[in-house]
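To start, the structure under review is shown below, and the notes come after it.
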Amino acid sequence: MTTTKIQSASTVSPAPTGTGSRGTKVLGGFALVFLAIAVVYGLFISPPDAQLGNTIRIIYMHVPTVMAAYLAFIITAVSSGMYLWKRTEFWDLLGSSAAEIGVLFFAVTIVDGALWGKVTWGVFWRWEPRLTTSAVLLIMYIGYLAVRAIPADPRTRATRCAIIGIVAIVNVPIVHKAVDWWRGLHQGKTVLGTIDPEMGGTQLFAMYSSLIAGLLVCVWLLIHRFRAGFLAERASDLGLDQALEERRLESSPATGEDA
Amino acid sequence: MSAIVHLRSAVALIGRFPALAGVDLDVHAGEILLLRGPNGAGKTTLLGVCAGLIGLSTGEAVVLGEDLTKNRRAVRRRVGLLGHDSFLYQDLSVVENLDFWSRAAAATVADGRAALDRLGVASRLFELPVHSLSAGQRRRVSFAAMICRRPELWLLDEPHAGLDSAGRDLVDGLMSEAATSGATVLFASHELDRAEHVAHRSVTISGGVILDETPPSTETRAEL
Amino acid sequence: MSQPGGVLGDALLVARKDLLLERRAKIGIGQVLPFAILVLLLFAFALDPDRGILKLATPGLFWVTVLFSAVLTLQRSFALEAEDGILEALRLSGMSPAGIYLGKVTALTIELLLLEAVLVLGVAVLYDTKFLGIPLLFAIALLATLGIAGAGAVYGALAARLRSRETLLPLLLLPLLAPVLIAATRGCEVSLEREAMSGWPWAALLGIFALVYLTLGSFLFRPLLEDA
């Protein structure tokens, strides 16, 4: 059963004017700081790679976005499982917000991977394991969003999305395995998507700060998206009291007393 | 007599629309209760709640001793629902449908055939696909699929609709038989003349709530 | 909450009913199979049989055709369940959801295997394929089909009540089945001695996929049936 709260106008507090709070401002501040460090070290201070030159710098964006995307999808998967168990709105909102953010980060990952490919290999797309897997996963989660967008009963919509969330995440390692075996036949691993263990000094520092920056941005976006979704649900609920009244008034005046 | 159906302040939402807006209802064993009300009043939803198909968002619902707010699934095997949809596979024949649905409900194929006989479905129709039957014949087959489960609570949504006069008499007879053998019947109908003769009691639902009750007429009260 | 036969009894009942429905409605033979043959023909038109591409690409084309046919079969199978209140009737029957799921998967697997058998003939004739490594081919076909049916039944049920199911089901299902396509194609290439390596790891991957999704589907079918 959906846990709808019936609030009458007199008891509800004035609606918040935004999804920000002290917490998110602090978080956002930290994210900006780490972003700044990552940009400075990544783009300027750290040395270019011996073989790949300055193009290696894309890694400071590519790795964080792909990590953030995976984190988001794991959150979706866990939330989906928790929703099917507990059936509370919190888990549904968390899962769907995380899925949106995950799709965003995955799209960015693919775009910057393609850009890097253009600069190094001369082509926007190569069927290398990372990009291929990302493309498949991206489409799977776009499917999640497509189903989310279908108007339905809250419980129905949440159940459908929870099922997709679980089915999709289980597929991730399988897709990885299949694609790695397949593409691994024809070419070796590329640098893309891995943290080269030979990185030292400023490169490693740039890598870690960009990683932290990416994760902070992801969490910040997630909190805002979650709150926006929460407010949307509350807005729909406020209509319930009124709907109940109107419904009861449907009883014809001749016979009816309201219940 | 404890109540077979007990609803208190039952609110059922379809999406965000309150189809039931606070229903109070008690139905006792062996009763035949007529549910009257205009279109859109909530009759179909009420039957769905009693069948354990639709959940409540607030309120109490106890049917056949099962608390539906805790577990809706337990009661389903024990009720029979005759709805607006046929609940039949159009491409399968009459007997193929009955064989499947009776066995699905842990009844036997023989129960299914007996039900078809009871509903007056001619045996020449047995092998025909359901889509080739007339609406009235299909209704009888749906009814048969319901009674072969031997439900303790009958939930009928306009059982007379689509049937000829003989069919309607048959339905009245089935309902009375069910009640005398201990089952409880809750049926929604617009056929008020006929329905009031067979029902022990009637309630009116409108705007998602029960409005009033009609006390049993003297003849039917004697049969209770 | 299930009958004396339990989950397996329910599964057998549902599987028989589905196969009976297929025999009556003849969707597989009448519509999906001609479609599949047509796809094989279209590939031949597009890829010019004389240039040798068709021969090289045969395993891939075969499995792509199977995937498209599977989507059609699933759509039809679940569309029937969404009509006439059948889903409500299934919930009312008290059959175990896992049993209903496994029954549908069984029927789907049988229907798809039969389709594949005919397609194999089609491929042998139209693309002039020689078959070697038969045990591996069988294993791959069986495991891939189980995986397709298992995962397909979950999404098929989910999409059943949606008006946009014709576009949504492929969008949801085909990316999910990408590993099946990869593994089945590579495995068949090995089997046809196009690749010099062992094909059994691919069969193992298909087996894992099938096992994972059959298990997941059995658990997820109850919320699917109730709420989705």
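Can you tell me how many residues within the stretch B:167-192 are more than 21 Å from B:LEU116 (Cα to Cα) and small (Gly, Ala, Ser)?
Matching residues across the stretch B:167-192 total 3.
Using beta carbons and a limit of 6 Å, which pairs, at least six apart or on different chains, have the first residue in the stretch B:134-163 and farther than 18 Å from B:LEU46 by Cα and the second one hydroxyl-bearing (Ser, Thr, Tyr)?
Close Cβ pairs satisfying both conditions: B:ARG138/B:SER86; B:SER142/B:SER86; B:CYS148/B:SER102.
To keep it simple, each residue is scored yes or no on (1) closer than 30 Å to B:GLY55 by Cα; (2) among the charged types (D, E, K, R); (3) over 13 Å from the mean Cα position of the chain (by Cα).
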| residue | (1), (2), (3) |
| --- | --- |
| A:ILE45 | no, no, yes |
| A:PRO48 | no, no, yes |
| A:THR65 | no, no, no |
| A:TYR83 | yes, no, yes |
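Out of (1) within 18 Å of B:ASP85 (Cβ to Cβ); (2) not in a loop (DSSP other than H, G, I, E, B), what's the single condition that is false for B:GLU177?
Condition not satisfied by B:GLU177: (1).
Say we look at the stretch B:59-79 and pick out the residues that are in contact with a strand residue (DSSP E or B) (Cβ under 8 Å, 6 or more places away or on another chain) and facing chain C (nearest Cβ under 8 Å); which of these is surrounded by the most Cβ atoms within 10 Å (Cβ to Cβ)?
Here the answer is B:VAL79.
Only one of B:LEU34, B:LEU56 is within 11 Å of another protein chain (Cβ to nearest Cβ), over 30 Å from C:ARG23 (Cβ atoms) and surrounded by 20 or more Cβ atoms within 10 Å (Cβ to Cβ); which?
B:LEU56
Within the stretch C:25-41, identify whether any single residue is touching a Gly at 6+ places or on another chain (Cβ under 7 Å) and within 14 Å of chain B (Cβ to nearest Cβ), and answer yes or no.
Among the residues of the stretch C:25-41, not one is touching a Gly at 6+ places or on another chain (Cβ under 7 Å) and within 14 Å of chain B (Cβ to nearest Cβ), which makes the answer no.
Residues in the stretch A:106-114: is at least one among the hydrophobic types (A, V, I, L, M, F, W, C), under 30 Å from A:SER236 (Cβ atoms) and assigned to a helix (DSSP H, G or I)?
Yes.
Tally up the residues in the stretch C:60-83 that are among the charged types (D, E, K, R) and surrounded by fewer than 20 Cβ atoms within 10 Å (Cβ to Cβ), please. Explain how you work it out, then say what you get.
Taking the stretch C:60-83 first, the residues among the charged types (D, E, K, R) are C:76, C:81, C:83.
After this cut, where a residue has to be surrounded by fewer than 20 Cβ atoms within 10 Å (Cβ to Cβ) as well, the list is C:76, C:83.
Looking only at that region, the number is 2.
Listed here are the residues, each with its yes/no results for (1) at pLDDT 95 or above; (2) surrounded by 19 or more Cβ atoms within 10 Å (Cβ to Cβ); (3) of a type in the set (A, V, I, L, M, F, W, C).
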{"residue": "B:ARG149", "(1), (2), (3)": "no, yes, no"}
{"residue": "B:LEU153", "(1), (2), (3)": "yes, yes, yes"}
{"residue": "B:ALA166", "(1), (2), (3)": "no, no, yes"}
{"residue": "B:SER181", "(1), (2), (3)": "no, no, no"}
{"residue": "B:ALA195", "(1), (2), (3)": "no, yes, yes"}
{"residue": "B:GLY207", "(1), (2), (3)": "no, yes, no"}
{"residue": "B:ARG221", "(1), (2), (3)": "no, no, no"}
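Would you check which residues across the stretch B:180-216 are farther than 18 Å from B:GLU158 by Cβ, assigned to a loop (DSSP other than H, G, I, E, B) and polar (S, T, N, Q) and list them?
Within the stretch B:180-216, B:SER181 is the sole residue that qualifies.
Got a sec? Which of B:LEU92, B:LEU119, B:LEU82, B:LEU125 is surrounded by 17 or more Cβ atoms within 10 Å (Cβ to Cβ), more than 12 Å from every other protein chain (Cβ to nearest Cβ) and in contact with a Phe, Trp or Tyr (Cβ under 8 Å, 6 or more places away or on another chain)?
Criteria check complete, one pass: B:LEU119.
Given the conditions (1) within 11 Å of chain A (Cβ to nearest Cβ); (2) in contact (Cβ under 8 Å) with a residue 12 or more places away in the chain; (3) touching a Gly at 6+ places or on another chain (Cβ under 8 Å); (4) not hydrophobic (A, V, I, L, M, F, W, C), which single one is not true for C:PRO175?
(2)
Step by step: first the residues of the stretch C:208-228, then only those that are among the small types (Gly, Ala, Ser) and over 14 Å from the mean Cα position of the chain (by Cα), then the one that is farthest from the other protein chains (Cβ to nearest Cβ). Which residue is that?
C:SER218
The values are calculated or read from the model by the stated rules, or taken from the named source; none is laboratory data. Values in this document were obtained by computation on a predicted structure and should not be read as measured data. Heads up, the Cβs are rebuilt from the backbone with ideal geometry, glycines too, and the neighbour counts pull from every protein chain shown.
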